[in-house]
1. Which one is nearest to LYS185 (Cα to Cα) among residues in the range 133-165 that are charged (D, E, K, R) and under 12 Å from the mean Cα position of the chain (by Cα)?
2. So which pairs qualify, if the first residue must be in the range 118-145 and farther than 13 Å from HIS89 by Cα and of a type in the set (Asp, Glu), the second must be assigned to a helix (DSSP H, G or I) and open to solvent by 60 Å² or more (accessible area, probe 1.4 Å), the Cβ gap must be under 8 Å, and the two must be at least 6 apart or on different chains?
3. If I ask for residues that are out of contact with any Gly (no Cβ under 8 Å at 6 or more places or on another chain), surrounded by fewer than 18 Cβ atoms within 10 Å (Cβ to Cβ) and touching a residue at least 12 places away in the same chain (Cβ under 8 Å), which ones from the range 181-204 would you list?
4. For the range 89-172, give me every one of the helices (runs of 4 or more DSSP H) that falls completely inside it and has 2 or more residues that are open to solvent by less than 10 Å² (accessible area, probe 1.4 Å), modelled with pLDDT of 90 or more and of a type in the set (A, V, I, L, M).
5. Return the residue satisfying two criteria in turn: it lies in the range 211-220 and is under 22 Å from the mean Cα position of the chain (by Cα) and not charged (D, E, K, R), and of such residues it is farthest from THR188 (Cα to Cα).
6. Of the residues GLU53, GLU68, which single one is acidic (Asp, Glu) and either modelled with pLDDT under 90 or within 30 Å of MET225 (Cα to Cα) (or both)?
7. Using the structure shown, decide if TYR213 is under 17 Å from SER80 (Cβ atoms), of a type in the set (Phe, Trp, Tyr) and touching a residue at least 24 places away in the same chain (Cβ under 8 Å).
8. Filter the range 61-73 down to the residues that are part of a helix (DSSP H, G or I) and crowded, with 20+ Cβ neighbours inside 10 Å and list them by number.
Amino acid sequence: MKRLNPFKLIKNTLKWIVVAFFASTILSVVMFRFLPVWVTPLMVIRCYEQLKEGRDLKLSHHWVSLSEISPSLPVAVIASEDAKFNDHHGFDYEAIEHAAKRNREHPEKRKLGASTISQQTAKNVFLWPGRSWVRKGFEVYFTTLIELLWSKQRIMEVYLNSIEMGEGIYGAQAVAEEHFDKDAKDLTRRECALIAATLPNPRKFSSKSPSSYMLKRQSRILKEMKYVGEFPMK
């Protein structure tokens, strides 16, 4: 009987693991190009945290198409989160360089991020929260995939449906219902700017009962929205 070569067995096993990884991840990205994202890893994690802490379980999430969202909301999040969204291919290298320099020169301050809307979408849909280099590497990989396989409109649609917008609230329709008692398509320009103002920390900042700091951010975002122009909804 021919003896098995353990090194060859390990090599073949690793090869099939790599093939399975790329096949499954590419397939999932292609699938979500067309299908709604009903649940994300963050939603599951937040539900677990609520149960662990003995709080009431809350998960408000209602998927709607981009055409059913106020056209002012994409403009507001671009103005607030990613001014170069329409032009970059997933990464804003100038923002990354600026954030790295600032964090290096002022380590005592809160870390400045430079994630684009594409990166945030990849993280929300396919990954878990965290700052490890492994997770960051996966984020780069999935961001590249969605930029290659999805349109900017699809990235924005998934982002606006999956982003955390309050305690147990995910997406434009849910926050519109919970905080403004209306549908996402009926949100005003000012309400969209206020929602965008909360995104750096939506569990700390509220678009339902905004602080004076939030109102200042809202005002700044409204001014910056003038320079963004209309977002192509189709």
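1. Within the range 133-165, the first condition is being charged (D, E, K, R), and the residues that meet it are 135-136, 139, 147, 152, 154, 157, 164.
Cutting the leftovers down to under 12 Å from the mean Cα position of the chain (by Cα) gives us 139, 157, 164.
Values: GLU139: 30, GLU157: 13, GLU164: 18 Å.
It comes out as GLU157.
2. GLU139/LYS123
3. Across the range 181-204, the qualifying residues are ASP183, LYS185, ASP186, THR188, ARG189, ARG190.
4. Qualifying helices (runs of 4 or more DSSP H): 117-126, 152-162.
5. My answer is MET214.
6. GLU68
7. When the stated conditions are applied, TYR213 does not pass them.
8. We begin by selecting, within the range 61-73, every residue part of a helix (DSSP H, G or I); these are 66-68, 72-73.
Selection gives LEU66, SER72, LEU73.
The values are calculated or read from the model by the stated rules, or taken from the named source; none is laboratory data. All values derive from a computational prediction rather than experimental measurement. With ideal geometry, Cβ positions are generated from the backbone for all residues, glycine too; neighbour counts draw on all protein chains shown. Ligands, DNA and RNA are stripped out before the accessible areas are found, and what is left, the full protein with its side chains, is counted by its heavy atoms. Shrake-Rupley method; radii C 1.70, N 1.55, O 1.52, S 1.80 Å.
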